Amino acid sequence: FSKRANREAAAELAAAARADLWVVECVAANDDLRERLRRRESRGESISDGRWDIFERERAAFQPMDEVPAGRHVVVRTTGKPVRESVSYTLQQLGLYRWWK
């Protein structure tokens, strides 16, 4: 959810359902992101519209997650890490690691 209003709506829905809402924010260095997008595009397999120019527009419009309580906001730094490592870290932070193999 790049927009604060969307995150607030998700929080309201979670509260109405008496569920905990966690926000997981994945971040990576620009060089890493650019390379990932380049590889995706070169494979020609993806129907994603993920391209660098779109990413730059989305990043510029991103609203900081300052309304999310620190205890419910997990930041995962993915630069140079295999997906499995990032997933493991995320699950550890959420207290769900015992179900991950």
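The values are calculated or read from the model by the stated rules, or taken from the named source; none is laboratory data. Quick caveat: nothing in here was measured; it's all calculated off a predicted structure. Note that we place each Cβ from the backbone using ideal geometry, even for glycine, and neighbour counts take in every protein chain shown. Only protein heavy atoms, including side chains, enter the accessible area calculation; ligands, DNA and RNA are left aside. Shrake-Rupley method; radii C 1.70, N 1.55, O 1.52, S 1.80 Å.
A few comments on the model shown:
- R0 of 25 Å, Cβ-Cβ distance MET65-ARG38: FRET efficiency to nearest 0.05: 0.35
- Sorted largest first, the principal axis extents computed over the alpha-carbon atoms of the chain equal 44, 35, 23 Å.
- Given charges at Cβ of Lys, Arg, Asp, Glu: region 55-101 dipole, positive-most of PHE62, THR78, GLN92: GLN92
- Apportionment of accessible area to carbon and sulfur, the chain, percent (1.4 Å): 53
- Lys, Arg +1 and Asp, Glu -1 on Cβ, resulting dipole of the chain about Cα centre, debye, nearest 20: 380
- Taken along the Cα-to-beta-carbon direction at a fixed 7 Å, the label points for ARG98 and ASN6 span 3.4 nm.
- For region 81-94, Karplus couplings with θ = phi - 60° (6.51, -1.76, 1.60), whole Hz, Gly/Pro x: 10, x, 3, 4, 5, 5, 5, 4, 4, 4, 5, 4, 5, 8
- In this structure the chain gives 76 Å² per residue of accessible area when probed at 1.4 Å with all protein chains present.
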